[in-house]
Amino acid sequence: MRTGDGPEQGRSARLGRANADDLARKCEPRVPVTGRHVDGFPSAVLLAESATAGLIVIGLWVTGRLLGLLVSSAGVELSANAQCPVVVVRPGDDALAGSRVVIGYDGSPAAGAAVDFGLAYADRHDLPARIVAVLDGEDDDHDLLAGIRAHAQAGRAELIEADGHPSELLLEWSADAQLLVVGSRGRGGFAGLLLGSVSQTMLHQAPCPVAVIPQAALEDPA
């Protein structure tokens, strides 16, 4: 993808795509890889692609004094608005360093989808899963916890029922994670807010790649 015109930009884009294709094939030879050059801004192009994608993975290089702590606007926009799950890998993240999948759960529909996504990822990669459930003490929390306990047992996952600030707890429990999975917005967020404060904090500060399940990914395209 590119935003400029001219032969030099075109050559750079083609070279970058070829390098990305080669790297992907070396990382996982069993997965078919195709490359395509698309003109446009990255956010807009990837948002359009998300309508037919099963997953978007974006690596972000951020410069400045807060290198490694910030996610660019493209990562935030995709995590909030994409029509499929989004995985954000920041500078310094080692996607293979962790030993488990950690999933944040607060009873919201997006968090339920995060559990499904995280358990499926853990099963495919033969990794243990940890579900960190942070609920707010409402009357229906007992039913939600009963359901998530059964879900955790079926997925052979460890369930942590925690009290405290969700962001702090997820950062603590994901210290040994290969992937952290969260919904885009929890039950306590402001109506109309597509990316909640917990999800944004995880994108900026989590010690591993972060998968976000956007609200649009839960909607029936029909």
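The values are calculated or read from the model by the stated rules, or taken from the named source; none is laboratory data. Predicted, not measured: the structure shown is a model, and the values here were computed from it. Note: ideal-geometry Cβ built from the backbone for every residue, glycine included; neighbour counts use all protein chains shown. For the accessible areas, the whole protein counts, side chains as well, though only heavy atoms, and no ligand, DNA or RNA atoms are used. Shrake-Rupley method; radii C 1.70, N 1.55, O 1.52, S 1.80 Å.
Would it be correct to say that residue 163 is in contact (Cβ under 8 Å) with a residue 24 or more places away in the chain, of a type in the set (Asp, Glu), in contact with a strand residue (DSSP E or B) (Cβ under 8 Å, 6 or more places away or on another chain) and within 22 Å of residue 201 (Cβ to Cβ)?
Spelling it out, it is not the case that residue 163 is in contact (Cβ under 8 Å) with a residue 24 or more places away in the chain, of a type in the set (Asp, Glu), in contact with a strand residue (DSSP E or B) (Cβ under 8 Å, 6 or more places away or on another chain) and within 22 Å of residue 201 (Cβ to Cβ).
Name the residue that is modelled with the lowest pLDDT, counting only residues in the range 17-64 that are over 21 Å from the mean Cα position of the chain (by Cα), open to solvent by 60 Å² or more (accessible area, probe 1.4 Å) and of a type in the set (Val, Ile, Thr).
Once the filter is applied, the top-ranked residue is 63.
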